[in-house]
Amino acid sequence: METPPLEPGLYIVATPIGNLGDVSRRAIDILSACALIACEDTRVTGKLLYHIGIKRPMRRYDDHASDTAREQLLGEMCQIPVALVSDAGTPLISDPGYRLVREARARGIPVTSIPGPSALVTALTLAGLPTDRFVFAGFLPSKDKARGDTLSEMAALPMTLVFYETGPRLVASLEAMARIMPGREVAVARELTKLHEECRSGSAAELADHYTAHPPRGEIVLLAGPPSAPEPPGEADIDAHLREALAQLPPSQAAGRVAKAHGLDRKALYARAMELKG
Ligand code: SAM
């Protein structure tokens, strides 16, 4: 079937993260109809185009391209349909494109996104960790101090944390997690959609031991579930908190303070405060 001509503008096209079968019908249609494909590496994108059986002009682009190169591309988008792809997955997600999209929008150039694979979402759907709230923080810094600082900033966030990671740095990141956020369940999602896909869960310390013994190959997403809820205080602890409060407050207020601080039932605490007082 003939592909209908495309309007000029910028087309952000997601491509597979490993399994070439994941390229969408719409991605193929758009890539076939674009007059130019801006890509990170013409050899990588060339392989994809070969796989889907099309030949289109390609040009290298990333966000560090010169202003002149970006201006040229923006000028072309006013005349012809230009696709942007990255080496794998969704452009702009830890990949180039942000500056191009921002500039195109500022100039009123139509921008269309053709969604598809991303390692971030694929890992979240696989890891069995809560997905109702998560934060994606790209790659962790490579230096120990900066990595520790980033993890400390995030340690108390009550949601799943998602990072992109590399094999050589995985164990150092897991060891830092074991130190800084020991209560979180961790998952390592590796080689997603590829032959040796793996998703392994455990504590950060267990996974650090495993990957020290079996150095990981390939591409990795590292996830940490929300911090585990603190254990509710036992009876002896509750009595201690109540006694402390009773030293300063009447029983009803002491019960109110302890109930609020520990999420406990105020009525039951009032009864106990009266017993302790009596
Ligand atoms: N734009 C891509 C996306 O949408 O997922 C991400 C590009 S980023 C430069 C590359 C990183 O993504 C890798 O280092 C790895 O952390 C993660 N990644 C990409 N493909 C992956 C795969 N098949 N399995 C696991 N992680 C992957």
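Each distinct pair of alpha carbons in the chain adds a 1/r term; the inverse of their mean, the Kirkwood radius, is 22.4 Å.
Among F134, F139, sorting on how many other beta-carbon atoms sit within 10 Å of each Cβ, with the fewest leading, yields F139, F134.
Once the Cβ-Cβ distance of L126 and D41 is raised to the sixth power relative to R0 = 30 Å, the FRET efficiency obtained is 0.65. When only the Cβ of Lys, Arg, Asp and Glu is charged (+1, +1, -1, -1), the dipole of the range 120-224 relative to its Cα centre reaches about 180 debye.
For V85, V121, the sequence from fewest to most other C-beta atoms within 10 Å is V121, V85. How far is helix 42-52 tilted off the main Cα axis of the chain, in degrees rounded to 10, range 0 to 90? Taking the Cα atoms of the chain, the angle to 42-52 is about 80 degrees. Applying 1/(1 + (r/R0)^6) with r as the Cβ-Cβ distance of Q79 and T193 and R0 = 25 angstrom yields a FRET efficiency of 0.10. Shown here are the Rg and Dmax of the Cα trace of the range 148-237, at 14.4, 54 Å. Looking at the range 10-109, the trypsin sites (Lys or Arg not before Pro) that sit in a DSSP loop and have at most 15 other Cβ atoms within 10 Å of their own Cβ are K55, R107. Full extension of the segment from A106 to R200, taken as 0.36 nm per residue of separation minus the current Cα-Cα distance, would add 29.5 nm. Multiplying the residue separation of R59 and D239 by 0.36 nm and subtracting their alpha-carbon distance yields 57.7 nm.
Under the simplified labelling scheme, the K267-A213 pair shows an inter-label distance of 5.3 nm, with each label point 7 Å from Cα along Cα→Cβ.
For the chain, lysine pairs separated by 8 or more sequence positions, or belonging to different chains, with Cα-Cα distances below 22 Å total 4.
Only DSSP H runs of four or more residues enter the estimate; each adds -39500 (n - 2.57), and after division by the residues of the chain the mean residue ellipticity at 222 nm equals -13000 deg cm²/dmol.
The C-alpha atoms of the chain define a longest principal axis, and helix 235-246 lies at about 70 degrees to it.
Bear in mind these aren't lab numbers, they're just calculated from the coordinates by the rules spelled out. Owing to the predicted nature of the structure, the values given are computational and were not obtained by experimental measurement. So basically every Cβ, Gly included, is an ideal-geometry build from the backbone, and we count neighbours across all protein chains shown.
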